[in-house]
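Q: Structure incoming, see below.
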Amino acid sequence: MKGVVFVGFFELVEKEFGYEMVDKLIEACNLSSDGVYTTIGTYEHSEMVQLVTKLSEFSNVPVPTLLKTYARYFGKAHLRKYEPFYEAAEDTFAFLESIDGHIHVEVKKLYPDAELPKFDAYRISDNKLELIYKSKRKMGDFAEGLIEDTASYYNEEIKITRTLLEEDGSEIKFTIEKA
Ligand code: HEM
């Protein structure tokens, strides 16, 4: 997993829970990086799983809530830097449809070691899009937060319904309806 994801995570932990929590997490987790991350570095995905699980334990906030909150922060703080991607799409659906064939493709060119999910998008009607998420990293909650963040960028109200296609969360159908 790319370092930028860890850097963003620690920014949010510090903002929401204070620096002591950052220290406490690094202390409590068994991190081969020793808790030192650079944005362009690459680290074990399991370190993120450990960090989020421990943060949930210490804060009493459930893991899915933490991941969704984190995704919304990550979108605003880090993904907005990729302005041309947002400008190229006219609305939430067009942006989400462009992740798999364009955005993540460009990300992969920039960072060949990035581990990205697969998305299949189906436009059911003008107001309804189905997005099928596939990833062995099972970050569906993170994906949901990023979908919500995309809608907030385009100032659109959406409703997201989730259907598990694989029991373990490695395949999820997001049905996204415009209000
Ligand atoms: C400007 C737009 C975007 C950029 C530049 C971008 C870039 C990235 C990067 C750098 C990673 C980390 C890869 C790694 O750690 O190895 C990532 C992961 C991920 N991205 Fe995107 N992304 C964008 C939009 C989105 C959106 C809108 C969604 C949701 C629909 C999404 C879903 C995900 C998920 C779920 C992961 C976690 C890895 C996984 O589940 O396998 N991304 N993305």
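Q: Report LEU96's accessible area, 1.4 Å probe, all protein chains in place, as a number in Å² to the nearest 10.
A: 0
Q: Applying the Karplus parametrisation 6.51 cos²θ - 1.76 cosθ + 1.60 with θ = phi - 60° to the phi angles of segment 113-128, what ³J(HN,Hα) value in whole Hz is obtained for each residue in order, glycine and proline being reported as x?
A: 8, 5, 10, 10, x, 9, 10, 10, 10, 10, 7, 7, 7, 4, 9, 9
Q: Accessible area per residue of segment 33-179 at 1.4 Å probe, in Å²? It would help to have the intermediate numbers written out before the result.
A: Details: 7820 Å² over 147 residues.
Accessible surface, normalised per residue, equals 53 Å².
Q: Starting from segment 64-102, pick out the GluC sites (Glu not before Pro) whose DSSP state is loop and whose Cβ has at most 16 other Cβ atoms within 10 Å.
A: Filter output for segment 64-102: GLU90.
Q: Sticking with this one: Could you state the principal axis extents of the C-alpha atoms in the chain, from the largest down, to the nearest angstrom?
A: Principal extents (Cα only, largest first): 50, 33, 29 Å.
Q: Now for a separate question. Could you work out how much longer the chain between LYS128 and GLU44 gets when fully extended? Use 0.36 nm per residue separation minus the Cα distance between them, nm to one decimal.
A: Stretched fully, the LYS128-GLU44 segment lengthens by 26.7 nm.
Q: For segment 93-179, with only Lys/Arg (+1) and Asp/Glu (-1) charged at the beta-carbon, what is the dipole magnitude about the Cα centre, in debye rounded to 20?
A: Value, rounded to 20: 160 debye.
Q: Compute the relative contact order of the chain as a whole-number percentage, counting only Cα pairs closer than 8 Å that sit 6 or more residues apart in sequence.
A: Taking the mean separation of contacting Cα pairs over the length of the chain, I get 19 percent.
Q: Can you run phi through the Karplus equation (6.51, -1.76, 1.60; θ = phi - 60°) for segment 145-152 and list ³J(HN,Hα) in whole Hz, with x for Gly and Pro?
A: My calculation for segment 145-152 gives x, 6, 5, 4, 5, 4, 4, 6 Hz in order.
The values are calculated or read from the model by the stated rules, or taken from the named source; none is laboratory data. This one's a predicted model, so the numbers in the text were calculated from it and none came from an experiment. Because the Cβ atoms are built from the backbone with ideal geometry, glycine has one as well, and the counts that use them run over all protein chains shown. What goes into the accessible areas is simple: the full protein's heavy atoms, side chains included, and nothing from ligands, DNA or RNA. Shrake-Rupley method; radii C 1.70, N 1.55, O 1.52, S 1.80 Å.
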